[in-house]
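Let me begin by presenting the structure, written as structure tokens, before commenting on it.
The values are calculated or read from the model by the stated rules, or taken from the named source; none is laboratory data. Model, not experiment: these values are computed from the prediction. Neighbour counts are summed over all protein chains in view; Cβ atoms, including those assigned to glycine, are modelled from backbone coordinates with ideal geometry.
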Amino acid sequence: MQDTADADLVREYQTSGNLELLAALYQRYMNLVYGVCLQYFDEEGSKDAVMQIFEELIDKLKRHEVQNFKSWLHVLSRNHCLMKLRSMKNKESLQVTIEDDSPLMENGELAHHDHEVTLEDNLQSMEKCLETLPEEQKRSVNLFYLEEKSYREVSALTGYEMNKVKSYIQNGKRNLKICMEQQQHA
């Protein structure tokens with residue numbers, strides 16, 4: 001399997017679901033994933049994240065069309081770390097609010113947390129809605145917001161004209177917002 005191209009392993013895994021193929025593919029880039037995680041966490045946290053990303057990969061790789069596995073995995077790893085940091089930050093702020101001695105019943109948000117839209121819900125909603133966008137919008141929004149590329153870089157990577165890139169991003173952002181609002185009210 002060492003000589004097999006990434007794209008071939010991805011295709012084989014997507015059709016067969018064979019975890020050994022995925023493990024062989026992931027092993028190639030585990031140091032890259034660990035390096036990304038070290039930018040956000042200590043050694044132990046990074047090791048945990050590397051395992052969590054593999055678990056996340058089991059499902060996500062089946063659902064996404066991946067052109068370049070290495071760069072896709074890099075983005076997936078970075079996004080995983082960012083989401084984990086956000087959820088840690090949210091837990092800390094909730095803990096501070098509770099320890100603040102403020103009466104819980106006076107705070108309607110905490111008393112009725114069942115109706116609260118969590119960050120995780122928003123991220124899942126955004127991921128679903130991103131898949132519904134036209135390809136040009138999806139690609140432009142992904143590169144601009146998730147991979148933090150400039151308009152010029154998005155234009156160079158996609159071959160779209162600069163005016164088109166700006167339009168795709170603006171329309172994609174608006175369509176994402178509309179889709180996410182519809183999901184919240186559904």
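Being of a type outside the set (S, T, N, Q), surrounded by 13 or more Cβ atoms within 10 Å (Cβ to Cβ) and either modelled with pLDDT under 85 or under 30 Å from M51 (Cβ atoms) (or both) is the requirement here; does L110 meet it? First the steps, then the outcome.
Details: of a type outside the set (S, T, N, Q): yes; surrounded by 13 or more Cβ atoms within 10 Å (Cβ to Cβ): yes; either modelled with pLDDT under 85 or under 30 Å from M51 (Cβ atoms) (or both): yes.
In short, yes.
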Quick check on A24: is it more than 16 Å from S71 (Cα to Cα) and in contact with a His (Cβ under 8 Å, 6 or more places away or on another chain)?
no
Given the conditions (1) more than 24 Å from Y34 (Cβ to Cβ); (2) surrounded by 14 or more Cβ atoms within 10 Å (Cβ to Cβ); (3) out of contact with any Phe, Trp or Tyr (no Cβ under 9 Å at 6 or more places or on another chain); (4) at pLDDT 90 or above, which single one is not true for E135?
(2)
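Look through the stretch 145-154, keep the residues that are free of Cβ contacts under 8 Å to residues at least 60 places away in the same chain and surrounded by 12 or more Cβ atoms within 10 Å (Cβ to Cβ), and return whichever of them is farthest from K70 (Cα to Cα).
Let us first name the residues in the stretch 145-154 that are free of Cβ contacts under 8 Å to residues at least 60 places away in the same chain, namely 145, 148-154.
If we keep only those that are surrounded by 12 or more Cβ atoms within 10 Å (Cβ to Cβ) too, we end up with 145, 149, 151, 153-154.
Numbers: Y145: 19, K149: 17, Y151: 23, E153: 19, V154: 18 Å.
Filtering the stretch 145-154 for residues that are free of Cβ contacts under 8 Å to residues at least 60 places away in the same chain and surrounded by 12 or more Cβ atoms within 10 Å (Cβ to Cβ), the one farthest from K70 (Cα to Cα) comes out as Y151.
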Answer yes if at least one residue in the stretch 155-166 is assigned to a loop (DSSP other than H, G, I, E, B), surrounded by 16 or more Cβ atoms within 10 Å (Cβ to Cβ) and touching a Leu at 6+ places or on another chain (Cβ under 7 Å), and no otherwise.
no
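Quick one: in the stretch 1-51, which of the residues that are of a type in the set (S, T, N, Q) and within 27 Å of K89 (Cβ to Cβ) is surrounded by the most Cβ atoms within 10 Å (Cβ to Cβ)? Lay out the reasoning, then the answer.
Pass one, the stretch 1-51, residues of a type in the set (S, T, N, Q): 2, 4, 14-16, 18, 27, 31, 39, 46.
Remaining after also requiring within 27 Å of K89 (Cβ to Cβ): 39, 46.
On the way: Q39: 10, S46: 18.
It comes out as S46.
So, N142, is that one surrounded by 11 or more Cβ atoms within 10 Å (Cβ to Cβ), within 29 Å of M162 (Cα to Cα), out of contact with any Asp or Glu (no Cβ under 6 Å at 6 or more places or on another chain) and modelled with pLDDT of 90 or more or not?
On the way: surrounded by 11 or more Cβ atoms within 10 Å (Cβ to Cβ): yes; within 29 Å of M162 (Cα to Cα): yes; out of contact with any Asp or Glu (no Cβ under 6 Å at 6 or more places or on another chain): yes; modelled with pLDDT of 90 or more: no.
Answer is no for this residue.
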